[in-house]
Amino acid sequence: MKNTIGNHVAVTLFGESHGPSIGAVVDGLAPGILVDEAAIAALLSRRRPSGGISTARQEADPFVIESGVFEGRTTGTPICIRIPNADTRSKDYAATRWLARPSHADYTANCKYHGYEDYRGGGHFSGRITAALVAAAGLVMPALEAKGIRIATHIRRLGGIEDRTFSDLEADMTCLKDREFPVLDTAVAQQMTDCILAAKQEGDSVGGVLETAVTGVPAGLGEPWFDTVESMLSHALFAVPAVKGVEFGAGFALADMRGSRANDPYRMAGEQVITAGNNSGGINGGITNGMPLLFRCAMRPTPTIGQPQETVDMQSREDTVLQSHGRHDPCIVHRAAVVIDCVTALTLADMLTGRYGTDWLGEV
């Protein structure tokens with residue numbers, strides 16, 4: 001299915017940025033999982049725009065669970081979560097209907113859907129749709145945490161400004177849960193914010209790198225070759241708008257190491273097998289080894305900017321210049337952190353259900 005991901009816990013996305021609503025249908029969840037609507041709302045609030053460093057579009061995201069939940073628990077049937085769109089200004093896009101915004105999906109969507117696509121605000125390709133992914137993940141995140149699986153993401157780098165990497169994982173993951181601007185070193189938060197505001201002032205945008213850690217995933221998860229943990233996570237992560245690169249563990253830095261430095265020696269810690277380092281990011285042969293999963297996502301700068309850009313008129317087939325006047329984010333990196341958390345949660349819920357059975361998440 002074109003808009004569905006997952007083999008055992010499947011998520012289907014629907015809606016457009018300026019349509020009546022967006023949402024997700026989640027199928028395959030075990031009956032009896034406790035649904036914490038406050039937890040879903042908290043996740044959505046972390047994705048919401050935050051002041052001058054984000055878009056002026058303000059959506060309260062009052063989600064509605066249409067089916068699959070009764071008396072606070074999953075029934076085992078498909079769950080439909082719908083989020084109404086309220087703060088739309090579709091007229092902002094009427095004058096530029098046929099102008100392809102550089103590095104957006106306007107041109108490719110026009111090629112695929114022959115001009116019938118909803119072009120307003122990116123339509124079905126909009127980052128707005130990630131709210132539905134976040135709401136869907138809110139169904140499984142508490143169940144994963146009850147199994148001892150924790151997920152946290154911070155801004156590793158933004159506009160060339162670096163946060164420190166993870167060190168004390170448990171403490172770092174706990175502090176990130178309550179931070180509106182997800183960095184580990186609070187001293188760099190203002191520097192990154194100033195960088196975003198400077199780009200906005202110049203009608204420009206900035207990108208960055210998000211770093212994610214996952215603890216509590218048992219060893220032995222994943223399949224060789226085509227359903228490895230890296231490939232399954234990457235498949236989902238690249239669906240997040242603006243993600244243009246994913247690396248696990250030491251990632252591309254491994255290319256410059258010798259094997260003696262790159263390898264993670266095994267050792268015993270009581271009855272548990274661990275590795276002395278984690279250059280492999282908790283994965284060997286595509287299968288988890290019991291160490292924390294660690295990966296990073298490269299996020300491109302927001303394509304819509306306030307400066308004139310060369311483009312083409314898709315209808316007249318002529319060169320022209322685009323001047324965008326709509327609302328847009330000068331940076332989406334800070335808002336995307338929770339989206340990465342949620343995509344990771346949905347992928348792991350799917351893989352863990354496949355390994356341990358449909359009722360595994362329900363046994364809480």
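Only four residue types carry charge here, +1 at the Cβ of Lys and Arg and -1 at the Cβ of Asp and Glu. Report the dipole size of region 239-364 about the Cα centre in Debye, rounded to the nearest 20.
It comes to approximately 360 debye.
At each listed q (0.15, 0.25 Å⁻¹), what is the log10 of I(q)/I(0) that the Debye formula gives for region 216-259 modelled as equal alpha-carbon point scatterers?
The calculated log intensity ratios at q = 0.15, 0.25 Å⁻¹ are -0.52, -1.01.
Answer with one residue from 273, 236, 33: the one whose Cα lies farthest towards the positive end of the charge dipole of the chain, charges on Cβ with Lys, Arg +1 and Asp, Glu -1.
236
Please express the shape of region 83-217 as an equivalent ellipsoid: the semi-axes are the square roots of 5 times the eigenvalues of the C-alpha gyration tensor, given largest first in whole angstrom.
So the equivalent ellipsoid measures 34, 22, 13 Å along its semi-axes.
Under the definition of Cα pairs under 8 Å and six or more residues apart, what whole-number percent is the relative contact order of the chain?
So the answer I get is 24 percent.
Once you have the Cα-Cα distance between residue 191 and residue 37, take 0.36 nm times their residue separation minus that, and quote the gain in nm to one decimal.
Once the chain is fully extended between residue 191 and residue 37, it gains 52.0 nm.
Please determine, in degrees from 0 to 90 and to the nearest 10, the orientation of helix 189-201 with respect to the longest principal axis defined by the Cα atoms of the chain, where the helix direction is its Cα long axis.
20
So for the pair residue 266, residue 174, with labels modelled 7 Å out along Cα→Cβ, what separation do we get in nm?
The answer from the label model is 3.2 nm.
Loop only per DSSP, at most 11 neighbouring Cβ atoms within 10 Å: give me the chymotrypsin sites (Phe, Trp or Tyr not before Pro) in region 111-181, ordered by residue number.
Listed in order of number, the matching sites are 116.
Could you tell me which GluC sites (Glu not before Pro) in region 133-196 are loop residues by DSSP with no more than 11 other beta carbons within 10 angstrom of their beta carbon?
Of the GluC sites (Glu not before Pro), the ones in loops of region 133-196 whose Cβ has at most 11 other Cβ atoms within 10 Å are 180.
With a bin width of 20 angstrom, please list the P(r) values of region 4-356 as percents of all Cα-Cα pairs, from the 0 bin to the one holding the largest distance.
29, 57, 14, 0
Quick one: putting +1 on the C-beta of Lys and Arg, -1 on the C-beta of Asp and Glu, what dipole do you get for region 4-356 around its Cα centre, in Debye to the nearest 20?
160
For region 1-54, run through the trypsin sites (Lys or Arg not before Pro) and keep only the ones in DSSP coil with at most 15 other Cβ atoms within 10 Å of their Cβ.
2
Mind checking the angle between helix 333-356 and the chain's longest principal axis? C-alpha axes, 0 to 90 degrees, to the nearest 10.
50
For region 170-211, with only Lys/Arg (+1) and Asp/Glu (-1) charged at the beta-carbon, what is the dipole magnitude about the Cα centre, in debye rounded to 20?
120
So if R0 is 56 Å, what FRET efficiency would residue 359 and residue 320 give, r being the distance between their Cβ atoms, rounded to the nearest 0.05?
0.45
If R0 is 30 Å, what FRET efficiency do you get for residue 108 and residue 21 from their C-beta distance, rounded to 0.05?
The formula returns an efficiency of 0.75 here.
Work out, in µm²/s and without decimals, the Stokes-Einstein translational diffusion coefficient of region 240-364 at 4 °C, 1.567 mPa s, Rh from Kirkwood over C-alpha pairs.
69
For region 222-310, what is the relative contact order in percent, using Cα pairs closer than 8 Å and at least 6 residues apart in sequence?
Normalised by residue count, the contact order of region 222-310 is 36 percent.
Take every Cα-Cα distance within region 114-157, group them into 5 Å bins from 0 onward, and report for each bin the whole-number percent of pairs it holds.
With a bin width of 5 Å, the distribution comes to 5, 17, 14, 16, 16, 12, 9, 7, 3, 1.
What's the local net charge at residue 282, with K and R +1, D and E -1, over the other residues with C-beta under 14 Å away?
In short, -2.
Per-residue ellipticity at 222 nm for the chain, helices alone: DSSP H runs ≥ 4 residues times -39500 (n - 2.57), over residue total, nearest 500 deg cm²/dmol?
Computed ellipticity for the chain at 222 nm equals -8000 deg cm²/dmol.
Which angle between 0 and 90 degrees, to the nearest 10, do you get for helix 37-47 versus the longest principal axis of the chain when only C-alpha atoms count?
Compared with the principal axis, the helix lies near 60 degrees.
Please compute the volume of the convex hull spanned by the alpha-carbon atoms of region 292-355 and report it per residue in Å³.
155
Rule-based calculations on the coordinates, nothing more; no lab input. None of the values given here were measured: they were computed from a predicted structure. Don't worry about glycine lacking a Cβ; one is built from the backbone with ideal geometry, like all the others, and counts go over all protein chains shown.
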